[in-house]
């Protein structure tokens, strides 16, 4: 199935941020299918507005999320979505499309749980804590639940197989 044919509803996706490289971040649209969690990168680095020099302000301004920060879609950039439209979701090609994308087989998930504590470094961006997904290979992914979404609900949906 192509991404453009995947019908989003309240029980089959969420929008989350992940930190990498200590202080860098990226935003994902995570699709919940019958067999997989499919993470599609929908925004690059996000920053809060900056003080200081004009250059620092301009640079931070290009990475600042605008709009209704409670709306998770505000964190999604259309230029990323446009590139996903003809992508086949069930194929490994999504990993080649962007090295940040990921696939987690539901059969490999041993636990998903919600941590309501706020994530350090998120500044004024509203978020409902974090959801952690543990897999049988000993790895754990952290998802910062952006805007007005329920981390508790996301963890429950991930565990529903």
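Couple of notes before you dig in:
- Pair-distance profile P(r), taking every C-alpha pair of the chain, with 5 angstrom steps and integer %: 2, 9, 18, 22, 21, 16, 8, 3, 2, 0, 0
- Near-label residues of segment 83-124 by backbone N, under 15 Å of a point 7 Å along Cα→Cβ of residue 4: 83-89
- Residue-span extension gain [residue 95 to residue 33] - 0.36 nm each, minus C-alpha spacing: 20.7 nm
- Each Cα pair under 8 Å and six or more residues apart adds its separation to the average, and for segment 13-159 the resulting relative contact order is 23 percent.
Just so you know, all these numbers are worked out from the coordinates, no wet-lab data involved. Nothing here was measured: the structure is a model prediction, and the numbers come from that model. For neighbour counting, all protein chains shown are included, and Cβ atoms are generated from backbone atoms with ideal geometry for every residue, glycine included.
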